[in-house]
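What follows draws every value from the coordinates through simple rules; no lab data is involved. Computed from a prediction, not measured in an experiment: that's the story for all the values here. All Cβ positions, even for glycine, are placed from backbone atoms using ideal geometry, and neighbour counts span all protein chains on display.
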Amino acid sequence: MSTGYQIKDQEALHYLTLQVVDWIDIFTRKAYRDLVLESISYCRQNKGLQVFGYVIMSNHIHLICNSQDGKLSDTIRDLKKFTSRKLIEAIQTGNESRKEWMLDRFGFTGRKNSRNQDFQLRTHENHAIVLYSNPFIHEKLTYLHNNPVRAGIVEHPEEYLYSSARNYADMPGLLEIIRLSLPLLTR
């Protein structure tokens, strides 16, 4: 197991990247993005997860978060496990045009890993980076908000629905967050 980006300080503010195996574009479907939002909301309400920024891209998620109860690793593990199970169920039972291919890829990766039973949707690495200063927090928040702009999906960060850029632009967001009081440069 990689040790380069482990969550060592369970109470610190972290920048996390949750990546889909093989960079599979699963989050191109609204229903799948909504499952992720529901899971994050559940962890906010029931597991002490505090979310300060997020973006859901087609094959990865960025979060700026911490844990009220000092159990960030456990919360992220549970979040990934639950959403992966729900997403696999949605692929299996829904009208997913890429069903066979996706399940084959997730199954292949899962069978190679002794920690999985059947499918593996996400990499085990969280790419966790401790955010230790206001300039670094600002850098990472701006980076994640500009992800959809760099991908050519929108022209301005706040136009992307599945991002906290909307919250920071005083627009209705899809997920409740805790706004950081930093000067925000989105462009």
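How big is the charge dipole of region 1-101 about its Cα centre, in debye rounded to the nearest 20, if each Lys and Arg gets +1 on its Cβ and each Asp and Glu gets -1 on its Cβ?
Roughly 120 debye for region 1-101.
With everything on Cα atoms, drop me the angle between helix 72-93 and the longest principal axis of the chain, reported from 0 to 90° to the nearest 10.
That works out to roughly 50 degrees.
Would you mind calculating the gained length between E89 and Y42 on full extension (0.36 nm times residue separation, minus the Cα-Cα distance), in nm to one decimal?
Taking 0.36 nm per residue and subtracting the Cα distance, the gain is 15.1 nm.
If we sort 30-38, 49-57 on the protection proxy, mean other Cβ atoms within 10 Å, highest first, what's the order?
49-57, 30-38
Of W101, S163, P148, which is farthest on the positive side of the dipole of the chain, counting Cα position, with +1 on Lys and Arg Cβ, -1 on Asp and Glu Cβ, and the Cα centre as origin?
W101
Given charges of +1 on the Cβ of Lys and Arg and -1 on the Cβ of Asp and Glu, with all other atoms neutral, how large is the dipole of region 14-168 about its Cα centre, in debye to the nearest 20?
380 debye
Highest mean first, what order results for 64-76, 157-169 on Cβ atoms within 10 Å?
My ranking of the peptides, most packed first, is 157-169, 64-76.
Taking 0.36 nm per residue of sequence separation and subtracting the Cα-Cα distance, how much length would be gained by fully extending the chain between R77 and D118, in nm to one decimal?
Gain in length upon complete extension: 13.1 nm.
Want the number for F136 to V154: 0.36 nm per residue separation, take away the alpha-carbon distance, what's left?
Extra length available between F136 and V154 comes to 4.0 nm.
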